[in-house]
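Working notes, structure below.
Read-outs throughout are calculated quantities, based only on the coordinates presented, and are distinct from any laboratory measurement. Nothing here was measured: the structure is a model prediction, and the numbers come from that model. A quick note on method: Cβ atoms are made from the backbone with ideal geometry, for glycine too, and the neighbour counts reach across all protein chains shown.
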Amino acid sequence: MLRLRSALRYYFPAALAAYQTLGLTSTAVLVLLAKASTPQAAARLTVIQITAALKGYRDKSAKAAAIQAELRAEHLGQSDLVASAYAATVAATVAVLQTLDTQIATLEGQVEAHFGRHPDAEILLSQPGIGAILGARVLAEFGDARGRYASAPGSKTVASPTATEFPSVRLLSCGEFDVRSTGQRDKMSTHFPPGSVMGRRR
């Protein structure tokens, strides 16, 4: 997504402004970018074409009119040659993301079809806010060995590790990237996964 946003910012800033409320990687935006990946093509989109992409949204007519107005407004841009080159990369990125969305939906269908067969599925699905997909993820994280944890607090420590304060450290990665930080250990581990970074006290 960062690569897509960076490319659009360089040659097609109107798209970032027009699609901001929808989310850059939403299905609707990917459809619109696939249909019109250049500023000129996007400016020619009709309200009907934009509305057709906004499946599942409320106030589609108003949203489509606002998007069209933003796409047709004046913005800084690049030459046609540069814009066409960037548009090709954006179109390729959009195609990859759409394929991923399709495959993710296929996998989710498989999870939903088979998750209910697990003996603990009924227990997990009884929890507020947990459906088949999240329930399968919870099951994968905790495992299905019921005697694995001696008590509820034991499982809680796995679910939400306690933040530990630690003094400033120098982190050495294989790229010799140095970071000095005083903060929470769990935050640091989020950015530097175990095994990829070595910490050394200063």
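For the pair D101 and T46, label points projected 7 Å from Cα toward Cβ lie 2.3 nm apart. Maximal additional length on extending the H118-A65 stretch stands at 14.3 nm, based on 0.36 nm per residue less the C-alpha distance.
Taking every alpha-carbon pair in region 21-165 and binning the separations at 5 Å intervals from zero gives 1, 8, 12, 13, 12, 10, 9, 9, 9, 8, 5, 3, 1, 0 percent.
Among V47, V90, V96, a tally of other beta-carbon atoms within 10 Å of each Cβ gives an order, fewest to most, of V96, V47, V90.
Counting alpha carbon pairs within less than 8 Å and at least 6 residues apart, what relative contact order, in whole percent, applies to region 6-89?
Relative CO of region 6-89 lands at 42 percent.
Between R3 and K35, the contour length at 0.36 nm per residue exceeds the alpha carbon distance by 9.6 nm. Relative to the current alpha-carbon distance between L81 and E141, full extension at 0.36 nm per residue lengthens the span by 16.7 nm. Size descriptors for region 1-90 (Cα atoms only): Rg and Dmax, in that order, 12.1, 37 Å.
Phi-derived couplings, Karplus 6.51 cos²θ - 1.76 cosθ + 1.60 at θ = phi - 60°, listed residue by residue for region 90-103: 5, 4, 5, 4, 4, 4, 5, 5, 5, 5, 4, 4, 5, 5 Hz, with x used for Gly and Pro.
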